[in-house]
């Protein structure tokens, strides 16, 4: 475990190219959010107009009907946006693994080649994205259901407070990682269906929860720092948003590198990490017995 942390930070520190996939995914997610706001505004304008009997276009008088029509369009588009966001980060994870493999094999990391090499796996990446969304929807629905089951409005406010939601999110992230780490590691390999040990699931879960906790902390600090800035120009705000996105996604870069190393170690793609002695007690005991026998035999002679 300690060696995995060390190797992850070493790759993270020395190879800026490993930052690129996750950072680009985060920036594209910001762009999708901006596009969603533009779409909502456009649809309200489109459905909020009607033709007058006297000719021309006038505002619609039925606001409820306009809202209903907009929601009928926005809901599936919102689902598509969420799926694209998840898929972008899943794709970033797969690209990171290919880049880590190139670096450890002393090859020049090639982003274009990494993306092209994943073309045969796009179906698997899409399937994993859907699985991720399904598990996230379950935990999100459970939180909403639990909050509304509470009779007191005061308790509902507490249940939906930022602290409680953050704690629940970390617990959900742990459960999510425990369920999906095996699928993620298998997805990062090229073939076969290997068994993932409990130790690997534990390590992946610890990394995922630590990354989420660090992300929450960075979001809080970045939000505090951003609130002190006074920016008049739109392009300045956009630059700050992009920079903050890169900063906040830094723990995810570390997580992606760690998962890549775990997948490569687990599936025998080379001796990349030192064996953890705590996970090899049986081997160490057998070596100790063998050495004791050899020492005993030599003493008798």
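The values are calculated or read from the model by the stated rules, or taken from the named source; none is laboratory data. Note that the structure is a prediction, hence the values are computed from the model and not measured. Quick reminder, even Gly has a Cβ in these numbers, built from the backbone with ideal geometry, and neighbours come from all protein chains shown.
Looking at the structure I just gave you, is residue 165 at pLDDT below 85 and either within 23 Å of residue 206 (Cβ to Cβ) or in contact with a strand residue (DSSP E or B) (Cβ under 6 Å, 6 or more places away or on another chain) (or both)?
For residue 165, the condition - at pLDDT below 85 and either within 23 Å of residue 206 (Cβ to Cβ) or in contact with a strand residue (DSSP E or B) (Cβ under 6 Å, 6 or more places away or on another chain) (or both) - is met.
When you check residue 203 against the structure, is it under 18 Å from residue 89 (Cα atoms), within 18 Å of the chain's Cα centre (by Cα) and part of a helix (DSSP H, G or I), yes or no?
So residue 203 fails the test.
Only one of (1) assigned to a loop (DSSP other than H, G, I, E, B); (2) free of Cβ contacts under 8 Å to residues at least 24 places away in the same chain; (3) surrounded by 15 or more Cβ atoms within 10 Å (Cβ to Cβ) is not met by residue 231, so which one is it?
Condition (3) is where residue 231 drops out.
Among the candidates 196, 240, 230, single out the residue that is over 14 Å from the mean Cα position of the chain (by Cα), at pLDDT below 85 and under 30 Å from residue 9 (Cβ atoms). Step through it out loud before you land on a result.
Details: 240 fails: at pLDDT below 85; 230 fails: under 30 Å from residue 9 (Cβ atoms).
Going through 196, 240, 230 in turn, the sole match is 196.
Taking residue 95 as the residue in question, decide whether it is modelled with pLDDT under 85, touching a helix residue (DSSP H, G or I) at 6+ places or on another chain (Cβ under 7 Å) and surrounded by 14 or more Cβ atoms within 10 Å (Cβ to Cβ).
Values: modelled with pLDDT under 85: no; touching a helix residue (DSSP H, G or I) at 6+ places or on another chain (Cβ under 7 Å): yes; surrounded by 14 or more Cβ atoms within 10 Å (Cβ to Cβ): yes.
Taking the combined requirement at face value, the residue does not satisfy it.
Please pick out the residue among 257, 247 that is in contact with a helix residue (DSSP H, G or I) (Cβ under 7 Å, 6 or more places away or on another chain), farther than 18 Å from residue 171 by Cα, surrounded by 18 or more Cβ atoms within 10 Å (Cβ to Cβ) and touching a residue at least 24 places away in the same chain (Cβ under 8 Å).
257
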